[in-house]
Amino acid sequence: MIKNVVILGSTGSVGKRALEIAESLGVYVKGLAAFNNISLLEKQIRIFKPEKVAVYDESAAEKLKNNISDLAVEVLSGIDGLCEVSRTVEVDMVLNAVSGMIGLKPTLCAIDKGINVALANKETLVAGGALVMQEAKKKNVKVLPVDSEHSAIFQCLQGCYNRKNLKRLILTASGGPFFDRDINYLKVVTKEDALKHPNWSMGAKITIDSATMMNKGLEIIEAAWLFDMTPEKIDVLIHRESIVHSMIEYNDNSVIAQLGVADMGLPIQYAFTYPDRCPSIVEKLDLSRVGTLSFYEPDTETFKGIDICKTAIKIGGTMPTIVNGANEEAVKLFLNDEISFLEITNVVQKALNCFKVNEVNTLEDILNADNLARDFVRKNVIRRGE
Ligand code: MN3
């Protein structure tokens, strides 16, 4: 088990759960970082007493500095602050649970210092997978998945004696709030409808992604990098109950699944204790109470996110970065009531069709492609009332 940890994104849903898990296991929290929620961050600082903290928003960082001037903790700001916290010396693991592309640079900083990373930030792998996995290999650093599906696959793979026998990965998806809905319904859904997730309580960005199924698409790309699988060997199955968190299938058609209650505490704890396990504050799974587990093929015609992402990872190079950046920008516009729900995947599809692909060799290649994709969305999106 790790002895200490840095948690980036500590005021988000995964970050908060990670602090509870750390506390229950007696793992010391050496560093924290948040986007701008300094009132919650201050409470966390007073409880966990980290050495360093970072706030992405510069003016919020200044305010926090004033509010905690009675403490010895160092307060940093901006993306450089997040990087500085992830480079904290003698830390066993950086848990990256920030939302969006801003997670990429801090991940690379931790890897560069030879620190193992646990990733709940899928954009890190979607946009920067080529670079992240290559650097991790170079530095002999572990990249542990905290996304529940990827943790499930990772757990299933612990019994995989020979990777040649692995036939495919099966990612489960809850189907989100619009499961079984048709295109006519989706034309008129509101932001409030899209933010109601049936099983998981998460941040706004990932909840919208789960309504468009872009979340599952991004997870296919994430799985391709983490487990070195081609997208043809990664399938999606709708599973409304969110009890089976994902599965693997061998060449003899044997299927291994990982089950548990829908609680991010489990993947977080496994990343902390890997390869060992220990008793947990996570609730025990009572299958007789669950009763029925159901599975369906996803409706990829209505929800385009899965196919868009499969195409992007097949094309490779900067294309996954472009799709990720375009989606992040489109979700932002949707959350601002500027575009309709269906316009999110429409404009991401447009970006996929229009962009020329480049190679990814450096962080700059990734950040460039990301910026171009965001510009493209702002210029080419069909706004409400247009
Ligand atoms: Mn997930």
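Remarks
- One residue stands out in region 129-179 among those that are crowded, with 22+ Cβ neighbours inside 10 Å and charged (D, E, K, R): the one that is modelled with the lowest pLDDT, namely ASP147.
- Residues of region 120-146 classified as outside any helix (DSSP H, G or I), touching a Gly at 6+ places or on another chain (Cβ under 8 Å) and either within 16 Å of the ligand (Cβ to nearest atom) or of a type in the set (S, T, N, Q) (or both), total: 3
- One residue from ASP70, ASP147, ASP80, ASP92 being acidic (Asp, Glu) and touching a Pro at 6+ places or on another chain (Cβ under 8 Å): ASP147
- Members of region 358-379 found to be farther than 14 Å from ILE322 by Cα and more than 22 Å from the chain's Cα centre (by Cα), listed by number: ASN361, LYS379
- Hits in region 25-61 (condition: within 17 Å of ASN96 (Cα to Cα) and free of Cβ contacts under 8 Å to residues at least 12 places away in the same chain): none
Residue by residue, here is whether (1) modelled with pLDDT under 95; (2) touching a helix residue (DSSP H, G or I) at 6+ places or on another chain (Cβ under 8 Å); (3) surrounded by 20 or more Cβ atoms within 10 Å (Cβ to Cβ) holds:
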{"position": "LEU71", "(1), (2), (3)": "no, yes, no"}
{"position": "SER77", "(1), (2), (3)": "no, yes, yes"}
{"position": "VAL89", "(1), (2), (3)": "yes, no, no"}
{"position": "PRO106", "(1), (2), (3)": "no, yes, yes"}
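- Residues of region 11-38 satisfying the condition of being in a loop (DSSP other than H, G, I, E, B) and either surrounded by 16 or more Cβ atoms within 10 Å (Cβ to Cβ) or in contact with a helix residue (DSSP H, G or I) (Cβ under 9 Å, 6 or more places away or on another chain) (or both): THR11, GLY12, VAL27, PHE35, ASN36, ASN37
- Helices (runs of 4 or more DSSP H) lying entirely in region 156-266 (those with 3 or more residues that are within 13 Å of the ligand (Cβ to nearest atom)): 204-212, 214-227
- Residue count for region 90-119 under the criterion of being among the charged types (D, E, K, R) and outside any helix (DSSP H, G or I): the result is 3.
- Residues of region 133-160 that turn out to be among the charged types (D, E, K, R) and touching a Leu at 6+ places or on another chain (Cβ under 9 Å), as a count: 3
The values are calculated or read from the model by the stated rules, or taken from the named source; none is laboratory data. Only a predicted model underlies this, so the values are computations on that prediction, with no experimental measurement involved. Every residue, glycine among them, receives a Cβ derived from its backbone with ideal geometry; neighbour counts consider all protein chains shown.
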